[in-house]
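Reading through the structure tokens given below for one structure.
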Amino acid sequence: MPLGPVPRSNRGIDAAGKDAEICGAGEQLAAAFGREPKLLRPPFGAVNDEVRAAAKACGVKALVTWTYEFTTWTDVPAPTPPLKAGDIVLLHFTPTLAADLDRALGAAKAAGLKPAALMPALRSAGLVP
């Protein structure tokens, strides 16, 4: 499930770059989809006080990180981790997306898990409207 905005540069976020990185990406998504996103996946999963402050200033309600990344970045996929309930899996739109998704779904099945959408869980926790 796309979260948006994912900062455009993936180089990190600081107070000085928040307008272009978070607010700018959010504005582009709002223009395309009719509403500004309220979730942010910080680049590289890096969360600190500057990231939190920059995200809040741009209207982001929650930061979302992940438990495991299944994207294959080299010729050989990383070992498939055992998944447990509540894990969040990150995938990227790369040429290996289909195979990476198959690995993630296989890991979920092996653990007796069923993939679920993130938004209902965030809504029930009161993190997003």
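Report, ordered by the first and then the second residue, all pairs with beta carbons closer than 6 Å, sequence separation of six or more or different chains, a first member in region 68-93 that is within 23 Å of residue 120 (Cβ to Cβ) and open to solvent by 60 Å² or more (accessible area, probe 1.4 Å), and a second member that is assigned to a loop (DSSP other than H, G, I, E, B) and not charged (D, E, K, R).
68/81
Please specify each residue of region 85-123 satisfying the condition of being assigned to a loop (DSSP other than H, G, I, E, B), more than 21 Å from residue 39 (Cβ to Cβ) and not basic (Lys, Arg).
94, 95, 96, 111, 112, 113
Would you check if there is a residue in region 50-67 being out of contact with any helix residue (DSSP H, G or I) (no Cβ under 7 Å at 6 or more places or on another chain) and of a type in the set (Asp, Glu)?
No.
Considering region 64-84 alone, what residues qualify as being closer than 26 Å to residue 52 by Cα, part of a loop (DSSP other than H, G, I, E, B) and not polar (S, T, N, Q)?
Across region 64-84, the qualifying residues are 64, 66, 70.
Conditions: (1) surrounded by fewer than 17 Cβ atoms within 10 Å (Cβ to Cβ); (2) within 17 Å of residue 127 (Cα to Cα); (3) at pLDDT below 90. Residue 37 meets all but one. Number of the miss?
The failed condition is (1).
Which pairs have Cβ atoms under 6 Å, sit 6 or more apart or on different chains, and link a residue in region 117-129 that is over 12 Å from residue 61 (Cα atoms) and of a type in the set (Phe, Trp, Tyr) to one that is open to solvent by 70 Å² or more (accessible area, probe 1.4 Å) and in a helix (DSSP H, G or I)?
none
Only one residue in 62, 104, 117, 46 is under 18 Å from the mean Cα position of the chain (by Cα), of a type in the set (A, V, I, L, M), modelled with pLDDT under 85 and open to solvent by less than 70 Å² (accessible area, probe 1.4 Å). Which one?
46
Applying the selection to region 41-67, what residues are β-branched (Val, Ile, Thr) and touching a residue at least 60 places away in the same chain (Cβ under 8 Å)?
64
The values are calculated or read from the model by the stated rules, or taken from the named source; none is laboratory data. Only a predicted model underlies this, so the values are computations on that prediction, with no experimental measurement involved. No Cβ is skipped: glycine too gets one built from the backbone with ideal geometry, and neighbour counts run over all protein chains shown. Note: accessible area is taken over every heavy atom of the protein model, side chains too, but ligands, DNA and RNA are not part of it. Shrake-Rupley method; radii C 1.70, N 1.55, O 1.52, S 1.80 Å.
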